[in-house]
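The block underneath contains the structure these notes are about, expressed in structure tokens.
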Amino acid sequence: MPGMTRNSRNSQGARFPGGFAPEPEDDEPKSKSQRKRDMTALQDLGAELEALAKDRLARVPMPEALADAIHQARRITSHEGKRRQMQYVGKIMRGLEDEEVEVIRQALEGFKGTSKAETARMHLIERWRELLLAEDAALTRFLGEHPGIDVQALRNTIRNARKEKELGKPPRYFRELFQAIKTALDLKDGKGRAAEETNPDHPEPEA
């Protein structure tokens with residue numbers, strides 16, 4: 001390979017002080033497949049936003065143009081019209097800064113965590129209802145863990161729920177029992193939060 005001539009060295013030194021050219025950047029443009037995956041991920045993110053409940057959607061920080069496009073998509077009833085509008089939503093999202101996309105993604109993840117907690121709570125209420133209907137001893141345990149509720153009203157609801165099940169009647173008291181258990185759990189949680197806010201540095205010792 002021919003060596004570098006004096007003229008070429010002088011030319012190099014004129015363009016780069018000290019005669020050293022900068023190292024080439026390592027960053028390479030994204031591959032076609034990677035760009036496609038990114039586009040699909042943003043399209044999915046837009047679909048999640050469109051499917052959110054109205055109150056949750058209002059709490060997601062996003063540019064006004066994106067919010068308007070999503071609200072428009074929610075109003076469209078035809079399949080083809082919604083498909084075109086969601087493509088437009090995806091186009092807007094591809095124009096967002098990475099930081100804006102990350103804020104949206106974090107908000108959606110937060111909602112998912114809340115939904116999991118709500119689902120777990122529903123399952124807890126349902127388990128208590130099954131126990132209370134199956135055995136009298138469960139009521140004693142429930143009252144021990146959830147003091148301050150109307151004991152007689154709860155007993156009556158349990159008795160009526162058992163009776164309507166035996167008679168094959170509509171589950172009116174079955175649903176009322178669910179609400180009674182939910183109220184008891186909410187009351188307990190409310191007292192717990194109030195105690196933490198009143199004396200956060202000195203929690204009560206565990207029994």
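Taken over region 141-150, residues that are surrounded by 15 or more Cβ atoms within 10 Å (Cβ to Cβ) and in a loop (DSSP other than H, G, I, E, B) amount to 2.
When region 52-83 is filtered for residues that are assigned to a helix (DSSP H, G or I), more than 12 Å from F111 (Cα to Cα) and hydrophobic (A, V, I, L, M, F, W, C), the ones remaining, listed by number, are A65, L66, A67, A69, I70, A73. Taking the conditions (1) at pLDDT below 95; (2) within 30 Å of R172 (Cβ to Cβ); (3) surrounded by 13 or more Cβ atoms within 10 Å (Cβ to Cβ) in turn, R105 satisfies each one other than (2). Of the residues A153, A107, A117, A138, the single one that is under 17 Å from D189 (Cα atoms) and assigned to a helix (DSSP H, G or I) is A117. Of all the residues that make up region 59-101, how many are aliphatic (A, V, I, L, M) and closer than 14 Å to L42 by Cα? Of the residues in region 59-101, 9 are aliphatic (A, V, I, L, M) and closer than 14 Å to L42 by Cα. Residues that are modelled with pLDDT of 90 or more and farther than 30 Å from V60 by Cβ do not occur anywhere in region 192-206. Sort out which residues of region 15-51 are within 20 Å of M93 (Cβ to Cβ), in a helix (DSSP H, G or I) and modelled with pLDDT under 80, and write them in order of number. K32, S33, Q34, R35, K36, D38, listed by residue number.
The values are calculated or read from the model by the stated rules, or taken from the named source; none is laboratory data. As the structure is a prediction and not an experimental result, all values here were calculated from the model. Don't worry about glycine lacking a Cβ; one is built from the backbone with ideal geometry, like all the others, and counts go over all protein chains shown.
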